[in-house]
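The structure appears below as structure tokens.
The values are calculated or read from the model by the stated rules, or taken from the named source; none is laboratory data. On a predicted model such as this, the values are computed, not experimentally measured, just so you know. Here the Cβ is made from the backbone with ideal geometry for all residues, glycine too, and neighbour counts use every protein chain on show. We work out accessible area using only protein heavy atoms, side chains counted, and drop any ligands, DNA or RNA first. Shrake-Rupley method; radii C 1.70, N 1.55, O 1.52, S 1.80 Å.
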4 protein chains.
Amino acid sequence: MESILSKSAIILSVCLTGGAIAASTESAMADSKWGADDQLGAANLMTSERVKAAAGLVTEGKVYSLGMTVGPDTPAFPPRSLSVTVLQPNQNGNSGLGENNFTYNDDIFMGWLGIGSQIDGLGHSGIDHVYYGGRTYDDFAPASGLTELGLDNLPGLVGRGVMLNMAAHFGTDMVEEGVAYTDEDIKAAASAQGVELREGDVVLFHSNWMELLDGENPDPERFGAAEPGLGVSGAEYLAGIGVMAVGADTWGMEVVPAEEEGQAFRAHQILQPENGIYILENMDTRELAADGAHEFLFVLGQARIEGAVQMIINPIAIR
Amino acid sequence: MESILSKSAIILSVCLTGGAIAASTESAMADSKWGADDQLGAANLMTSERVKAAAGLVTEGKVYSLGMTVGPDTPAFPPRSLSVTVLQPNQNGNSGLGENNFTYNDDIFMGWLGIGSQIDGLGHSGIDHVYYGGRTYDDFAPASGLTELGLDNLPGLVGRGVMLNMAAHFGTDMVEEGVAYTDEDIKAAASAQGVELREGDVVLFHSNWMELLDGENPDPERFGAAEPGLGVSGAEYLAGIGVMAVGADTWGMEVVPAEEEGQAFRAHQILQPENGIYILENMDTRELAADGAHEFLFVLGQARIEGAVQMIINPIAIR
Amino acid sequence: MESILSKSAIILSVCLTGGAIAASTESAMADSKWGADDQLGAANLMTSERVKAAAGLVTEGKVYSLGMTVGPDTPAFPPRSLSVTVLQPNQNGNSGLGENNFTYNDDIFMGWLGIGSQIDGLGHSGIDHVYYGGRTYDDFAPASGLTELGLDNLPGLVGRGVMLNMAAHFGTDMVEEGVAYTDEDIKAAASAQGVELREGDVVLFHSNWMELLDGENPDPERFGAAEPGLGVSGAEYLAGIGVMAVGADTWGMEVVPAEEEGQAFRAHQILQPENGIYILENMDTRELAADGAHEFLFVLGQARIEGAVQMIINPIAIR
Amino acid sequence: MESILSKSAIILSVCLTGGAIAASTESAMADSKWGADDQLGAANLMTSERVKAAAGLVTEGKVYSLGMTVGPDTPAFPPRSLSVTVLQPNQNGNSGLGENNFTYNDDIFMGWLGIGSQIDGLGHSGIDHVYYGGRTYDDFAPASGLTELGLDNLPGLVGRGVMLNMAAHFGTDMVEEGVAYTDEDIKAAASAQGVELREGDVVLFHSNWMELLDGENPDPERFGAAEPGLGVSGAEYLAGIGVMAVGADTWGMEVVPAEEEGQAFRAHQILQPENGIYILENMDTRELAADGAHEFLFVLGQARIEGAVQMIINPIAIR
């Protein structure tokens, strides 16, 4: 993939490789704990007990909108782009519909769904063309839309949200790019911040990285060139706990450049094809961090577009 | 607007009209109770008290996904259409990124945002080209996206959800097209179903109309040709209460054909430009109705796309 | 229209105005010399005699491609933009179709058709919402595509092409922005360059403006901020001759800023709604100019997309 | 590829296969007669001598538009689709730009470029992921657009056009699906119709298949389900002659189902990756056939969109 150096592009230089998926990994993927035909992965953890308990976390009635504004200038992984056009169909030169003169604006979206605040459905990340449940492209990914693992299958994600403030953990205003969150970091941050990670949780990491987009000294090039984020041991630790989703306030959720040279998005692979865990990117966790809100009710209702892989989202945290 | 008779089109025959907006109406619109520059309308009612109270409605931990699956075959108001394309950028003939062979699916959306389950932002409905807060096109609606009232402004909608089962009210399996919900109907249904409507509520009407899409005898043409729904007195009644949003399980929320011949989407005008109330269309209320769930926590986090008028949504109800 | 200052945007600051079309103009438009229902305008001049005579201009067998490369970075009139995506539908992880392993690339275009080298169909330019033949929007311009004057109606444009080298006329390497081509300029240039303008001609003006895009010192901002081009008296002169099309090597064909302050694209109005003449923009005339080729066979076969207003084109000149 | 049975879909059932390209074929592709880096293939044959001679074929001055109208209902190879939207940017509620009230229509295209009358650029057809000049995807086909073989490289195609009336050859009104044009058929048709095939020609086959789209008894399902067309020996014969392009009045140019069971688009492979010859599909040859016009000047100026694989076209024939 060619690096594209522009204000609104996410920059990445990793070589394309040949190679073959290890048989053990493939078999790991095929052996989903929720069965071979499972469409939901860790969303199976969304039990009524957990939902009820999460709702009990609402004590203030404060609502947090975790989705950022997403537009043509939002840094995007190349060649992703988008545009929105507003129009007034058939209303120019007349007073609209009916004697009551109903007029209206409509809008058209042209672009990629994996831009800005987004969910990676389980059909997004693979290992050498093998996906959650051991699926290959011919199994589920025709050009006309995913026939399995599409986001139309997912009712939403509701559960206990946990925010770990990694900037606080590292004692900095903003975590630097290339800093990986290891299992030990996660344990230490959770402990220091008085919150326990549990099965079925939605875990959100706060690095304050979004200040590079709209803070006092915005630097969108730096924002997209690299990022702090989840490391391999951290991903394995969260998968071991059995969380439902992992999110972060960066474009790719995991650390870039990778901890080990030559690796690319290894945490995505641990979470998605190997464990069926959802990924949430570009989550605006700043207000949660400012409030020291480490536990909350998390509610995501993504648009259920048929066959979609990713979706621009705006999850709601309530505490 | 030309009627387009096809499986996936919503059919409407109302004459385009000339005419002028009454001065009184325009002044009503300009006098928003939340001020001339207000961007949020009834979302201003989303107070922490109300949110906290709504969270208290969660007693079962059951999650309802109110968004339908939205795809190319979803009936749409002409000329709206959409397509989704899945692709694997730059991964054909190689094993992906890095030595760990990261491969991925991406997706492209081409189409209109007002299809299927959708929110009408306050920039959607107008009266003779005048919109909420007295705005005209030059004020806020360039082709490049709304500069005011865009859905990027809206953090989401969280509050007490109320479902009124109008099929039960009318003693039928499915309410017929052209049946208007009057103020009296709404009062009677609420009373019979043991639920009170309050300021700040999200009110959802269930008619069972979605059975025409995916029920035992689907009839998408009938689905799109007309619909039962909110009538003028009903809209005024809800606006008087000061609800935050009104939704329904039909494509247009309000009754079609209109109660009075020659009128088109008058309830939209009462709710949106005159009262700043959000509209939610194609809400799948069937499971709520089956459970007799009349009160619940309602959470909508729509994608915050810059300058967008409408958005495909999937609100979550929790009780 | 808001000015958008960016590398790839065409910049224009003219106030939006209210006003009413003069009755005389409207009646002029309605009185097309080819009848009220005419769809073709000056393309009616494409007679077999003229085509045969134009073919007789081919003496060298040299082919000129007048269309520029058009891509995402091509300066465009805001908010126009475009993107192209290449994909291999359903071929990742297999060897394609059939035992002969047929694989293929496909491509998706998302964007506006009025970018780069383009034809303005007769449905493009109007005077206060009135178009060629006296049509208003309700007559022919629904959002689903033009029902009249669409480029699907136009078989193509074939005829005698004439290139006038205005840089040579003004004795400069590149004509400056704001320089208008008057009737006297056109007569003088034609005379000095030994070419006569005739009814049915396709007249192309060369200013060397495209050097600002890909010449030695590219300056796309200057390219889009203004331009030399046809003036009002020039447009009237060409209309009087009865040419079939007028093209230029600039984004808007006519002079910007306008000769008279407060005017915007007046030459477009003279040519299109008042006289049914086609407009060709961003024609790369440099090689014609370098060869001193003032007469040639001109052949344009634009894609006949149903209901399209404009189209990206690549006319061919042969001499 | 899943077959999609709909009015506007082209239907094809050929199994996806595994397999490996024969070394001999790959080497044949790499050994283009125009060199390894060649971008133009048979368009190199467009010499001034041939162009001049072709212009000499114009004796009547009659213009033929070979491009069909292309719209949302045009049968397309799945999952290709398109839409066009007409809008009046920023002009609703005002009188347009300037004191002269300049108003205008614009249009947006969302869709695939390989629909209706189209050119297959040399980057379209491959053999097991290997393309003209021995290129693989990583060499030239990123998602952001072809970096080689894109239609922006092609100036156009101008030369001698030859129409062979295969319906006349087979003594029928319309050639049936599955009928292959062999080398012998082509020789016999050319001989009977008094026309010689030469190096550099653009050869168009007329079967009258387009009557299934807009004739007296339209049958778009039959149109897209199969087709008559070029066979393998015919393709080899034309490649041997060294033609510049091969076109036909069908959606895929070559015979479907293939002559040999299990083969898919083998003639595409012979023409494109193996010989650098352009393919033109859905050419409306009916008027040429009606006139018995077997020789003419052929002029194609396709839009030069950066990185595009295919393009909707409207070639012009002049005789």
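Classification of region B:144-204 by its C-alpha gyration tensor yields a prolate form. The axis ratio a/c (a ≥ b ≥ c) is 1.5 or more, and a/b outweighs b/c.
Take chain A, connect every pair of alpha-carbon atoms lying under 10 Å apart with a spring to form a Gaussian network, then pick out the residue of A:PRO220, A:PRO257, A:PRO142 with the largest mean-square fluctuation. Among A:PRO220, A:PRO257, A:PRO142, the largest GNM mean-square fluctuation belongs to A:PRO142. You can think of it this way: the chain between D:THR59 and D:GLU260 has 68.1 nm of extra reach, that is 0.36 nm per residue less the Cα-Cα gap.
Within region C:206-266, all pairs of alpha-carbon atoms sorted by distance into 10 Å bins from zero give the percentages 22, 47, 25, 6. If both residues of a DSSP beta bridge must be in the protein assembly as shown, then about 70% of such bridges are antiparallel.
Taking amide H atoms as placed 1.01 Å from N in the peptide plane, the amide H of C:MET283 lies under 5 Å from those of C:ALA248, C:ASP249, C:THR250, each 5 or more residues away in sequence or on another chain.
Efficiency by 1/(1 + (r/R0)^6): what FRET value for A:GLU49 and D:THR47, r their Cβ-Cβ distance, R0 = 60 Å, to the nearest 0.05?
Values: r = 79 Å, r/R0 = 1.32.
Working from the Cβ atoms, E equals 0.15.
The alpha-carbon positions of region D:124-167 define a convex hull whose volume is 137 Å³ per residue.
Modelled label positions at A:THR147 and B:ASP139, each set 7 Å beyond Cα in the direction of Cβ, lie 5.2 nm from each other.
Annotation for region D:62-121 versus region A:101-144: alpha-carbon center distance of 26 Å.
Computed over chain C with a Gaussian network model linking Cα atoms closer than 10 Å, the most mobile of C:LEU204, C:LEU238, C:LEU146 is C:LEU146. Hydrodynamic analysis of the protein assembly as shown uses the Kirkwood radius over alpha carbon pairs. Inserted into Stokes-Einstein at 20 °C and 1.002 mPa s, it gives a translational diffusion coefficient of 67 µm²/s.
Remark: accessible surface ordering of C:SER83, B:SER144 (largest first) is B:SER144, C:SER83, probe radius 1.4 Å.
Solvent-accessible area lost on pairing C with D (1.4 Å probe, both sides summed) amounts to about 8100 Å². The GNM of chain C, with springs linking C-alpha atoms under 10 angstrom apart, assigns the highest mean-square fluctuation among C:ARG286, C:ARG304, C:ARG266 to C:ARG304.
Tell me what the protein assembly as shown gives for mean residue ellipticity at 222 nm when only DSSP H runs of n ≥ 4 count, each as -39,500 (n - 2.57), the sum divided by the residue total, rounded to 500 deg cm²/dmol. Please report the intermediate quantities before stating the final value.
Numbers: 40 runs with 264 residues, N = 1276.
Calculated mean residue ellipticity at 222 nm is -5000 deg cm²/dmol.
The residue list A:TYR181, A:LEU87, A:ALA54 was ranked by how far each Cα lies along the charge dipole of region A:29-183 toward its positive end, using unit charges on Cβ atoms, and A:ALA54 comes out on top. The tail of the calculated P(r) for chain B beyond 32 Å holds 28 percent of all Cα-Cα pairs. Helices assigned as whole DSSP H runs in chain C whose Cα atoms extend at least 30 Å along their own long axis and whose mean Kyte-Doolittle hydropathy is -0.5 or higher are not found. The portion of the accessible surface of chain C made up by carbon and sulfur, rounded to a whole percent, is 46 (1.4 Å probe; DNA, RNA and ligands excluded).
Label points for A:ASP73 are taken 7 Å from Cα along Cα→Cβ. From this copy to the others they lie 2.1, 4.2, 4.4 nm apart, shortest first. Here's the list of aspartates and glutamates a cross-link from A:LYS52 could span, going by alpha-carbon distance under 18 Å and ignoring same-chain residues fewer than 8 apart: A:GLU60, A:GLU196, A:GLU199, A:ASP201, A:GLU295, B:GLU60, B:ASP291, B:GLU295. Of all beta-carbon atoms in chain A, the one sitting closest to the axis that brings chain A onto chain C gives A:MET110, 2, with the distance in whole angstrom.
Shown for A:THR136: label points 7 Å from Cα along the beta-carbon vector, and their distances to the equivalent points in the other copies, 1.7, 6.2, 6.3 nm in ascending order. Based on the Stokes-Einstein relation at 25 °C and a viscosity of 0.890 mPa s, and on the Kirkwood radius from alpha carbon pairs, region D:183-293 is assigned a translational diffusion coefficient of 171 µm²/s.
Here C:ARG222 yields copy-to-copy label distances, from shortest upward, of 3.5, 6.3, 6.9 nm, the label point defined as 7 Å from Cα along Cα to C-beta.
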